[in-house]
């Protein structure tokens with residue numbers, strides 16, 4: 001039977017981007033200490049079979065690890081691939097690995113890890129009278145005596161894997177091992193001063209499990225994981241350089257606030273300009289149309305594509321969505337950017353089961369013809385991205401023909417506001433009309449939602465958009481509800 005180390009490092013891959021995942025999985029296993037210095041990897045054929053990839057794909061990943069100095073290949077009798085954890089540039093590898101994650105990626109991982117740890121702790125507490133937790137208790141404090149980041153990472157990882165195993169769920173254990181392989185090697189990058197706090201938090205989780213307190217066990221486990229991940233998110237935020245052309249740091253708070261306001265006005269103006277030209281194209285197409293069918297408005301797509309080419313740094317998608325009561329059919333003429341500014345594409349989707357009249361961005365029956373901004377939402381039936389949609393009704397002879405619209409990625413709001421937020425007090429954020437955090441300078445607020453109990457030292461309504469700038473939210477680590 002394979003050891004837990006082998007299960008963690010060499011588990012079969014689940015994603016289609018297998019070449020990249022192999023390198024990331026093995027690199028993290030070395031950083032994690034799962035694969036220790038001097039350890040020999042299985043043969044290429046055996047390892048490829050375990051990870052369910054081709055030998056060619058595996059070799060490319062191993063070559064990258066050799067380039068990073070994390071593997072050494074020896075020829076001849078007794079040869080093979082050997083880990084060089086003590087000689088590779090682990091710190092550089094960790095920063096490179098972290099830089100590959102967006103804030104939204106890390107937010108999603110944070111919430112999934114918190115859910116997983118909380119569920120495991122709940123299940124463990126529920127069966128505490130049937131199982132021994134002595135092993136879990138001993139692992140809880142191992143991190144306090146760890147001397148190196150690798151030892152801290154290993155101790156923390158083993159505690160969380162044991163916690164998942166104590167739940168009695170094989171699936172929990174597998175998923176926790178996968179999460180540790182994903183980010184376990186990064187959590188303790190530059191965080192050696194947190195090991196005593198981690199040991200205390202581990203012990204508190206164990207105490208709650210021993211007492212059979214399922215509610216407290218879940219709360220403590222979730223808080224512990226979120227605290228670890230927030231530290232990692234803060235590090236990731238500090239790595240981002242301001243975008244090219246950004247102004248230098250603003251020391252004066254009022255000037256930074258003015259810069260935030262100006263950016264909001266500029267963003268809304270870009271969306272409004274795209275919406276206006278799309279609306280004009282729709283009206284011109286209807287003037288020429290003979291049958292009043294949506295397919296007679298093909299010129300709208302060309303306009304939408306041109307709009308994206310001009311505003312690629314701000315907009316994610318733009319176009320026209322038809323009102324079926326006007327055209328007699330569902331339909332949209334939409335252009336978006338799925339992978340980069342070089343590839344605007346037509347949005348193609350089967351709208352038969354998509355009632356967009358109930359979507360967050362569809363105007364209410366009594367809405368006026370001004371430009372509106374939706375609240376932030378995940379477009380699960382379209383792009384699968386976290387977006388805000390600006391819309392305007394397009395009317396024809398007193399009837400609504402549809403809407404002209406423009407999408408903005410929430411991740412771009414974070415990157416766009418970031419240079420100005422850095423100059424403002426900690427725990428500052430920008431929220432939408434539903435108090436969902438769109439951008440922030442503090443990890444604990446990323447992806448959160450402010451509640452009425454969360455107080456800000458100063459709250460400013462931003463011009464042109466239904467958003468607010470909240471300075472110095474005074475709620476500590478858990479300033480926002482995760483989600």
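The values are calculated or read from the model by the stated rules, or taken from the named source; none is laboratory data. Everything numeric in this text was worked out from a predicted model, so none of it was measured. Because the Cβ atoms are built from the backbone with ideal geometry, glycine has one as well, and the counts that use them run over all protein chains shown.
Only one of 64, 44 is under 29 Å from the mean Cα position of the chain (by Cα), at pLDDT 85 or above, outside the structural domain of residue 162 (by TED's automatic domain parsing) and surrounded by fewer than 21 Cβ atoms within 10 Å (Cβ to Cβ); which? Reasoning before the result, please.
Working: 44 fails: under 29 Å from the mean Cα position of the chain (by Cα).
None of the others qualify; the one that does is 64.
Specify which of the listed residues (173, 181, 221) is free of Cβ contacts under 8 Å to residues at least 24 places away in the same chain, touching a helix residue (DSSP H, G or I) at 6+ places or on another chain (Cβ under 9 Å) and outside the structural domain of residue 70 (by TED's automatic domain parsing). Reasoning before the result, please.
Values: 181 fails: free of Cβ contacts under 8 Å to residues at least 24 places away in the same chain; 221 fails: free of Cβ contacts under 8 Å to residues at least 24 places away in the same chain.
Criteria check complete, one pass: 173.
Just to check your reading of the model, which residue among 111, 104 is touching a strand residue (DSSP E or B) at 6+ places or on another chain (Cβ under 7 Å) and in the same structural domain as residue 169 (by TED's automatic domain parsing)? Walk me through it before giving the result.
Details: 111 fails: touching a strand residue (DSSP E or B) at 6+ places or on another chain (Cβ under 7 Å).
It is 104.
Has region 397-418 got any residue that is at pLDDT below 95, surrounded by fewer than 24 Cβ atoms within 10 Å (Cβ to Cβ) and part of a loop (DSSP other than H, G, I, E, B)?
Looking for residues that are at pLDDT below 95, surrounded by fewer than 24 Cβ atoms within 10 Å (Cβ to Cβ) and part of a loop (DSSP other than H, G, I, E, B), one finds at least one in region 397-418, hence yes.
Working only within region 287-334, note down all residues that are at pLDDT below 85, farther than 18 Å from residue 399 by Cβ and either outside any loop (DSSP other than H, G, I, E, B) or not assigned by TED's automatic domain parsing to the domain that holds residue 266 (or both).
Matches in region 287-334: 295 only.
Of all residues being out of contact with any helix residue (DSSP H, G or I) (no Cβ under 7 Å at 6 or more places or on another chain) and more than 15 Å from residue 425 (Cβ to Cβ) in region 455-475, which is surrounded by the most Cβ atoms within 10 Å (Cβ to Cβ)? Just the residue, please.
Of everything passing the filter in region 455-475, 468 is surrounded by the most Cβ atoms within 10 Å (Cβ to Cβ).
Of all helices (runs of 4 or more DSSP H) completely enclosed by region 165-279, which ones contain at least 1 residues that are at pLDDT below 85 and more than 30 Å from residue 370 (Cβ to Cβ)?
Numbers: elements: 170-179, 195-210, 214-239.
Passing ranges, in order: 170-179, 214-239.
In this structure, is residue 340 at pLDDT 90 or above and under 24 Å from the mean Cα position of the chain (by Cα)? Please lay out each step first, then the result.
Details: at pLDDT 90 or above: no; under 24 Å from the mean Cα position of the chain (by Cα): yes.
No.
Pairs please, first residue from region 103-115 and closer than 10 Å to residue 223 by Cα, second anywhere and buried (at least 21 other Cβ atoms within 10 Å of the Cβ), Cβ atoms under 7 Å, 6+ apart in sequence or on different chains.
Sorted first by the residue in region 103-115, then by its partner, the pairs are 114/222; 114/225; 114/226.
Sort out which residues of region 134-154 are at pLDDT below 90, more than 26 Å from the chain's Cα centre (by Cα) and either crowded, with 24+ Cβ neighbours inside 10 Å or part of a loop (DSSP other than H, G, I, E, B) (or both), and write them in order of number.
146, 147, 148, listed by residue number.
Could you list, in sequence order, the residues of region 428-454 that are in a loop (DSSP other than H, G, I, E, B) and either buried (at least 24 other Cβ atoms within 10 Å of the Cβ) or under 19 Å from the mean Cα position of the chain (by Cα) (or both)?
428, 432, 435, 441, 442, 446, 447, 448, 450
Could you grab me the full set of residues in region 387-429 that are more than 26 Å from residue 303 (Cβ to Cβ) and touching a helix residue (DSSP H, G or I) at 6+ places or on another chain (Cβ under 7 Å)?
Taking region 387-429 first, the residues more than 26 Å from residue 303 (Cβ to Cβ) are 414-415, 417-429.
414, 417, 420, 423, 424, 427, 428, 429, listed by residue number.
What are the residues in region 83-117 that are buried (at least 21 other Cβ atoms within 10 Å of the Cβ) and at pLDDT 85 or above, if any?
83, 103, 106, 107, 110, 113, 114, 116, 117
Please indicate, with yes or no, whether at least one residue in region 383-391 is crowded, with 17+ Cβ neighbours inside 10 Å and part of a loop (DSSP other than H, G, I, E, B).
The initial filter retains those residues of region 383-391 that are crowded, with 17+ Cβ neighbours inside 10 Å, namely 383, 385-391.
Subsequent filtering for residues that are part of a loop (DSSP other than H, G, I, E, B) retains 383, 385.
Yes - at least one qualifying residue is present in region 383-391.
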